[in-house]
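Below: one structure, written as structure tokens.
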Amino acid sequence: MTGNKRLWFALLLGWLLPGLGHFFLKRHAYGAFYLGVIAALVVAGIIISGGTAVNFDDHRAYFACQALAGPAVIGLEFLRGQESIYLAQNVSILNHQTGVVYVATAGVLNLISLCELYRRHARPEAPGPSDTMRADAVLQTAPEKA
């Protein structure tokens, strides 16, 4: 597999299961970190909300962010069924909203991890966010003054 196809395959794997793209490209620590944090956010959001966090009908914008966490989250929407949520009877509104935000945050974090994966392998010589605090990396990329 060529470098470009390998990178795009890693990005697809990273969306299918957060962190898997990092594992595929031999970045095991990053893969374990992203898998653990994103999975914990999704599970916590579902538990806190009593299973009502993923809901396309009531939260389309949040669902768009949640879908970035992978097809498992999209599958939760189909498993939930189409019945109405009855907030305040089954689950408190605060718990529901907290769960929605947790799962949406997991999706946004997965998008950030995919962007970081792409940047790291498309331009490995460019300094990343963690490199901006190193003086040598900043001085090497600073523009020359005329």
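The values are calculated or read from the model by the stated rules, or taken from the named source; none is laboratory data. None of these values were measured; they are calculated from a predicted model. Note: ideal-geometry Cβ built from the backbone for every residue, glycine included; neighbour counts use all protein chains shown.
The condition of being within 25 Å of Arg123 (Cα to Cα), at pLDDT 85 or above and touching a Pro at 6+ places or on another chain (Cβ under 7 Å) holds for only one of Leu16, Leu25, Leu7, that being Leu16. The number of residues in the stretch 13-71 that are on the phi < 0 side of the Ramachandran plot and not in a helix (DSSP H, G or I) comes to 15. Restricting the stretch 1-39 to residues that are hydroxyl-bearing (Ser, Thr, Tyr) and under 19 Å from Thr105 (Cα atoms) leaves a set whose member that is surrounded by the fewest Cβ atoms within 10 Å (Cβ to Cβ) is Tyr30. Of the set (1) over 19 Å from Arg120 (Cβ atoms); (2) touching a residue at least 60 places away in the same chain (Cβ under 8 Å); (3) of a type in the set (A, V, I, L, M, F, W, C), all apply to Ile74 but (2).
For the condition of a type outside the set (D, E, K, R), modelled with pLDDT of 90 or more and over 20 Å from Pro124 (Cα atoms), Ala88 does not qualify. When Tyr30, Tyr62 are checked against the criterion of being within 19 Å of Pro124 (Cα to Cα), touching a residue at least 12 places away in the same chain (Cβ under 8 Å) and hydroxyl-bearing (Ser, Thr, Tyr), a single residue qualifies: Tyr30.
Examine the stretch 96-118 for a residue that is without any contact (Cβ under 8 Å) to a residue 60 or more places away in the chain, in a loop (DSSP other than H, G, I, E, B) and in contact with a helix residue (DSSP H, G or I) (Cβ under 7 Å, 6 or more places away or on another chain), and state whether such a residue exists. Scanning the stretch 96-118 turns up no residue that is without any contact (Cβ under 8 Å) to a residue 60 or more places away in the chain, in a loop (DSSP other than H, G, I, E, B) and in contact with a helix residue (DSSP H, G or I) (Cβ under 7 Å, 6 or more places away or on another chain). Any residue that is of a type in the set (Gly, Ala, Ser), in a helix (DSSP H, G or I), surrounded by 13 or more Cβ atoms within 10 Å (Cβ to Cβ) and at pLDDT below 90 - is there at least one of those in the stretch 127-142? Checking the stretch 127-142: at least one residue is of a type in the set (Gly, Ala, Ser), in a helix (DSSP H, G or I), surrounded by 13 or more Cβ atoms within 10 Å (Cβ to Cβ) and at pLDDT below 90.
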